[in-house]
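The values are calculated or read from the model by the stated rules, or taken from the named source; none is laboratory data. As the structure is a prediction and not an experimental result, all values here were calculated from the model. Quick reminder, even Gly has a Cβ in these numbers, built from the backbone with ideal geometry, and neighbours come from all protein chains shown. Ligands, DNA and RNA are excluded from the accessible area calculation, which covers all protein heavy atoms including side chains. Shrake-Rupley method; radii C 1.70, N 1.55, O 1.52, S 1.80 Å.
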Amino acid sequence: MKPVKYVNHAIRAALLLAVLFVASGCTVTEALTFTNTPSHASAFDFTVEDFFIAVLQDFSEFVPPEGDQSLMDKAIADFERALDYSPTTDNVRMTKLNDNAYQGTFTFRNLQQLFSDLGAGSNQSLLKMEKNSMSFFLSMDNYDQLVPVIPFLADENFEAFGPVYNQGLSEADYLEMISFMLGEEGPPAIEQSFITMRVETPTPITGYTNGRKISNTLYEFSFPLIDFLLLESPITFSVSWK
């Protein structure tokens, strides 16, 4: 039987890593640039709060990382390899800016195919690309398609913190649970975590749902991380252009 102290650290780290994998960090911006050519571009950056870094460093004392890589660096390297594996991506590059921040870029030819390649399956309903339009829809009904894309969601230590195990739980009750598990800094750190998607289109935007149009060719959709962790309502958006 594992020592209680080890188990507590394992649970804390599981939630932390899940947050990092789910959101690629605590504050995330993903920018997709569609062009009139076969090749399109993705650029993302994320910043991890000091609180989460401290929890991760605390956990690393009990589960030493392989080689010289930190647990965070290994997670980023694994994600880079997964992107590189897809035949629809090129020029995959991850850059560590400092202990709290990373940037990543890659080009792609078929975003819908990339989701399938990452594990969602050929019949995935998470992301749909049609002529001059993009739509995303995540609910409890297709959450299982996201799990292979982000394997850490299936980890037994994280499952208790994710949407499958917390259906019907209020945000207040969830944050109280987080406070018990991670301490008083946990809830505000999660409340301050947002995921932002920006889509730049090659021609003027003709319509969108949710989010906002920043300019004629730039759309933005942003939501709190807590919305994913509870998934009480679907997370969905769409944008179309000429």
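Run residue 167 past the list (1) of a type in the set (S, T, N, Q); (2) loosely packed, with under 15 Cβ neighbours inside 10 Å; (3) at pLDDT 90 or above and report the number of the one that doesn't hold.
Of everything listed in (1) of a type in the set (S, T, N, Q); (2) loosely packed, with under 15 Cβ neighbours inside 10 Å; (3) at pLDDT 90 or above, residue 167 misses just condition (3).
Looking only at region 107-131, count how many residues are within 16 Å of the chain's Cα centre (by Cα) and in contact (Cβ under 8 Å) with a residue 24 or more places away in the chain.
Going through region 107-131 one residue at a time, the tally reaches 6.
Look at residue 143 and say whether it is at pLDDT 85 or above, farther than 23 Å from residue 38 by Cα and within 18 Å of the chain's Cα centre (by Cα). Show your work before the answer.
Details: at pLDDT 85 or above: yes; farther than 23 Å from residue 38 by Cα: yes; within 18 Å of the chain's Cα centre (by Cα): yes.
Judged against the criteria, residue 143 is a match.
Residue under question is residue 208, and the condition is that it be free of Cβ contacts under 8 Å to residues at least 40 places away in the same chain, aromatic (Phe, Trp, Tyr), open to solvent by less than 60 Å² (accessible area, probe 1.4 Å) and under 18 Å from residue 130 (Cα atoms); does it hold?
Values: free of Cβ contacts under 8 Å to residues at least 40 places away in the same chain: yes; aromatic (Phe, Trp, Tyr): yes; open to solvent by less than 60 Å² (accessible area, probe 1.4 Å): no; under 18 Å from residue 130 (Cα atoms): yes.
So residue 208 does not fit the description; no.
Is one or more of the residues making up region 26-33 within 27 Å of residue 117 (Cβ to Cβ), modelled with pLDDT under 65 and open to solvent by less than 30 Å² (accessible area, probe 1.4 Å)?
Scanning region 26-33 turns up at least one residue that is within 27 Å of residue 117 (Cβ to Cβ), modelled with pLDDT under 65 and open to solvent by less than 30 Å² (accessible area, probe 1.4 Å).
Taking the stated definitions as given, is residue 117 among the acidic types (Asp, Glu) and in contact with a helix residue (DSSP H, G or I) (Cβ under 8 Å, 6 or more places away or on another chain)? Step through it out loud before you land on a result.
Details: among the acidic types (Asp, Glu): yes; in contact with a helix residue (DSSP H, G or I) (Cβ under 8 Å, 6 or more places away or on another chain): yes.
Here the answer is yes, as residue 117 does meet what is asked.
Among the residues of region 208-242, write down those that are assigned to a loop (DSSP other than H, G, I, E, B), of a type in the set (Ser, Thr, Tyr) and under 21 Å from the mean Cα position of the chain (by Cα). Explain how you work it out, then say what you get.
Start the filter on region 208-242 by keeping residues that are assigned to a loop (DSSP other than H, G, I, E, B), which leaves 210-211, 216-217, 231-234, 242.
Filter again for of a type in the set (Ser, Thr, Tyr), leaving 217, 233.
The answer is 233, and nothing else.
Tell me the residue from 138, 127, 114, 153 that is open to solvent by less than 30 Å² (accessible area, probe 1.4 Å) and modelled with pLDDT under 85, please. Walk me through it before giving the result.
Details: 138 fails: modelled with pLDDT under 85; 127 fails: modelled with pLDDT under 85; 114 fails: modelled with pLDDT under 85.
Selected residue: 153, the only one of 138, 127, 114, 153 that is open to solvent by less than 30 Å² (accessible area, probe 1.4 Å) and modelled with pLDDT under 85.
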